[in-house]
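Comments concern the structure below.
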Amino acid sequence: MDGVLGWIAVGLAVVAVVLAGWALHTVRSPRWRRRGPIPPEIGAVRDEVEALREDAAQALRHIAVVRYDAFGDMGGHLSWSMALLDDEGNGMVLTSIHGRSDARTYAKGITAWTCDQQLSPEETEAIGYARGRR
């Protein structure tokens, strides 16, 4: 019985090799190759891809969160600063400071990776992580 299964396996392998060779020959044949100029629709697709790239550059794609303890007597890293920026460094930094009895949230606008207001060390760190620097 083992000999029969072996011969069946060899036969299937030969059929697979023959089919692979036929498929390779068919794909490489001249009738499958494109001839003539590129159709104008391809140019339109290229323009659309470029427009999508420009839109993506303005998306908030650079995101980083830094968690920390704002007060020495509290643990758990419940406070955080989050940078949300586009490719040009425009966006915002959100900060939430967690205390014993309350939590406060702040937002600061960022333009070209800098801010007009003073940033905390954690906010600066979040911007650095979002930019790809530590």
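The values are calculated or read from the model by the stated rules, or taken from the named source; none is laboratory data. Being a predicted model, the structure only gives us computed values, none of them experimental. With ideal geometry, Cβ positions are generated from the backbone for all residues, glycine too; neighbour counts draw on all protein chains shown.
Remarks
- Matching residues, the range 114-127, being without any contact (Cβ under 8 Å) to a residue 24 or more places away in the chain, outside any loop (DSSP other than H, G, I, E, B) and either surrounded by fewer than 14 Cβ atoms within 10 Å (Cβ to Cβ) or not assigned by TED's automatic domain parsing to the domain that holds Glu88 (or both): Pro121
- Residue within the range 92-112 that is under 17 Å from Leu60 (Cα atoms) and assigned to a helix (DSSP H, G or I) present: no
- For the range 68-88, the tally of residues that are in contact with a Gly (Cβ under 9 Å, 6 or more places away or on another chain) and either outside any loop (DSSP other than H, G, I, E, B) or within 12 Å of Ile110 (Cβ to Cβ) (or both) stands at 4.
- Residue count for the range 103-113, restricted to those that are under 26 Å from Asp73 (Cβ atoms) and exposed (fewer than 13 other Cβ atoms within 10 Å of the Cβ): 3
Results for (1) modelled with pLDDT under 70; (2) over 30 Å from Thr111 (Cα atoms); (3) of a type in the set (Gly, Ala, Ser), shown as yes or no for each residue.
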{"site": "Val18", "(1), (2), (3)": "no, yes, no"}
{"site": "His25", "(1), (2), (3)": "yes, yes, no"}
{"site": "Gly36", "(1), (2), (3)": "yes, yes, yes"}
{"site": "Asp55", "(1), (2), (3)": "no, no, no"}
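- Tally of residues being touching a His at 6+ places or on another chain (Cβ under 7 Å) and assigned to a loop (DSSP other than H, G, I, E, B) across the range 45-67: 0
- Any hit, the range 94-102, residues being of a type in the set (A, V, I, L, M, F, W, C), exposed (fewer than 10 other Cβ atoms within 10 Å of the Cβ) and within 26 Å of the chain's Cα centre (by Cα): no
- Meets criteria (surrounded by 10 or more Cβ atoms within 10 Å (Cβ to Cβ) and either over 18 Å from Glu122 (Cα atoms) or modelled with pLDDT of 85 or more (or both)) for Ser29: no
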